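Worksheet: one structure, shown below.
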Amino acid sequence: MTVNKAISTLTAAGLIVRRRRAGSFVASPPVQSAVLQIPDMQSEITSRGEVYGYELISRRYRDSLGKVGNERNFLLDTSLLVLKCRHLANSRPFALEERFVSLDVVPEAAEVDFSTTPPSTWLVAQVPWTRAEHNISAVNATAGVADDLAIPKGAACLVVERRTWRVADEITYVRQTFPGKAYRLIAHFSP
């Protein structure tokens, strides 16, 4: 009776699958899980015991091109702040960040001095969001990315692309590229 109660509890929690006339089996883990939070690069680097540094490479304004590429969720003619920056760990490139911020949704971003304040730090602290999406991939460094990260062209890199929304309005799109050996994704989750 005790074993049956324990197996019933594990079944209710989704850890055990019972099949009639076949028995009880450990459940397969879900194929897809939300495993990432929106990180603050400065906190991540300092928590590793390294000195954080930040460089703004470029800042410009333009209108969205609409339903193409990385801008596919921004409405056509949305005013965008386009930022490119580099995060450093112990004076070495740690990540390249390329970001679009919708000035229609977050007009105050136009007044922020992103030469001293990392965009993710400011956005997470100042701009409420209701939904996010992560897309994680492995790529080889292009010539431009290799120059920005001081790695050989073709070196393995981890790319994390993130979009955030406030209800239906996309707030930001960011593409963060890490040298393959510099970053690990660690997730803690339960069924």
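Pairs meeting the criteria (first residue in segment 44-61 and farther than 17 Å from Val82 by Cβ, second residue assigned to a strand (DSSP E or B) and of a type in the set (Lys, Arg), beta carbons under 6 Å, at least 6 apart or on different chains) are lacking. From the list Val145, Val139, the one residue that fits, being in contact (Cβ under 8 Å) with a residue 12 or more places away in the chain, in a strand (DSSP E or B), aliphatic (A, V, I, L, M) and more than 15 Å from Leu83 (Cβ to Cβ), is Val139. Across segment 27-52, the qualifying residues are those that are in contact with a helix residue (DSSP H, G or I) (Cβ under 9 Å, 6 or more places away or on another chain) and among the β-branched types (Val, Ile, Thr), and the one among them that is modelled with the lowest pLDDT is Ile38. Name the residues in segment 1-15 that are touching a strand residue (DSSP E or B) at 6+ places or on another chain (Cβ under 8 Å) and either modelled with pLDDT of 80 or more or assigned to a helix (DSSP H, G or I) (or both), would you? Passing the criteria: Ile7, Leu10, Thr11.
Residues to consider are Val112, Val145; find the one that is touching a strand residue (DSSP E or B) at 6+ places or on another chain (Cβ under 8 Å) and assigned by TED's automatic domain parsing to the domain that holds Asp63.
Details: Val112 fails: touching a strand residue (DSSP E or B) at 6+ places or on another chain (Cβ under 8 Å).
Exactly one of Val112, Val145 is touching a strand residue (DSSP E or B) at 6+ places or on another chain (Cβ under 8 Å) and assigned by TED's automatic domain parsing to the domain that holds Asp63, namely Val145.
Going through segment 174-191 one residue at a time, which ones are within 11 Å of the chain's Cα centre (by Cα) and modelled with pLDDT of 90 or more?
Quick first cut of segment 174-191, residues within 11 Å of the chain's Cα centre (by Cα) only: 174-177, 185.
Result: Val174, Arg175, Gln176, Thr177.
On the given criteria, is Glu55 among the acidic types (Asp, Glu), in the same structural domain as Val124 (by TED's automatic domain parsing), within 30 Å of Asp104 (Cα to Cα) and at pLDDT 80 or above? Judged against the criteria, Glu55 is a match.
The values are calculated or read from the model by the stated rules, or taken from the named source; none is laboratory data. Source: prediction; values computed, not measured. Because the Cβ atoms are built from the backbone with ideal geometry, glycine has one as well, and the counts that use them run over all protein chains shown.
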